[in-house]
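A quick write-up on the structure given underneath.
Coordinate-derived values only; no laboratory data. If you're wondering where the values come from, they're calculated on a predicted model, not measured in any experiment. Note: ideal-geometry Cβ built from the backbone for every residue, glycine included; neighbour counts use all protein chains shown.
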Amino acid sequence: MPTKIYQEIEFPSTCWQAKIAEDRIIEATRACKYSEEDIFALRLSMEEALLNAIRHGNTKDQQKKITLRYCVNEQQIDIYVADEGSGFDPMKIADPTLPENLERPNGRGIMLMRAYMNLVEYNDVGNVVHLVKLNSQAPKHTG
């Protein structure tokens, strides 16, 4: 298995800075020949993760930073989005599809990330999300 070499971007908690970082990852993804469906899923999931970090984690405080670590290769994309917030417990987020939660805005972003990514996991504190997307165009290895 090849060694993963991560790149890191740190930026203030602003949407325009997040968009610049997101575009850099999408560019790398296109270079590795991911499908448009994979790129759509990745972009949507990254937007959710970054917005959650800006809004909820760093409470829109532009003095706080977002750290984005990522590795893109022909097989998969690994992304870590970290904020400087106190974190949260993702298990305590109510299921947004239950009738009693349909009017609540919480939890939909996490649900979308879980639907579109191959892996979504949080650190113990809840201020780092790890996203993995496999390349649907990559040759399947049989072992």
I need the trypsin sites (Lys or Arg not before Pro) found in segment 72-143, filtered to DSSP loop residues with at most 14 other beta carbons within 10 Å of theirs. K140
Matching label, semi-axes √(5λ) of the Cα gyration tensor in Å computed from the structure shown, candidates (i) 25, 19, 14; (ii) 127, 11, 5; (iii) 41, 20, 13: (i)
Taking Cα atoms, how many degrees apart are the long axis of helix 36-52 and the longest axis of the chain, rounded to 10 and kept between 0 and 90? 30 degrees
Cα-Cα over 32 Å, subset of K19/K92; K65/K140; K33/K60; K60/K140; K33/K92; K92/K140: K65/K140; K33/K60; K60/K140; K33/K92; K92/K140
For the chain, what's the relative contact order in percent, using C-alpha pairs closer than 8 Å and at least 6 residues apart? 27 percent
Based solely on its DSSP helices, what 222 nm [θ] is calculated for the chain when runs of n ≥ 4 H residues each add -39,500 (n - 2.57) and the sum is averaged over all residues, nearest 500 deg cm²/dmol? -9500 deg cm²/dmol
Compute the longest continuous run of the chain that contains no exposed GluC sites (Glu not before Pro); treat a site as exposed when its DSSP state is not H, G, I, E or B and it has at most 13 other Cβ atoms within 10 Å. 1-73
So what's the angle, to the nearest 10 degrees on a 0 to 90 scale, between helix 15-31 and the longest Cα principal axis of the chain? 20 degrees
What's the extension gain from Q7 to A94 if we count 0.36 nm per residue and subtract their Cα-Cα distance? 28.0 nm
Which one of F11, Q62, L51 is farthest out on the positive end of the charge dipole of the chain, using unit charges on Cβ (Lys, Arg +1; Asp, Glu -1) and the Cα centre as origin? F11
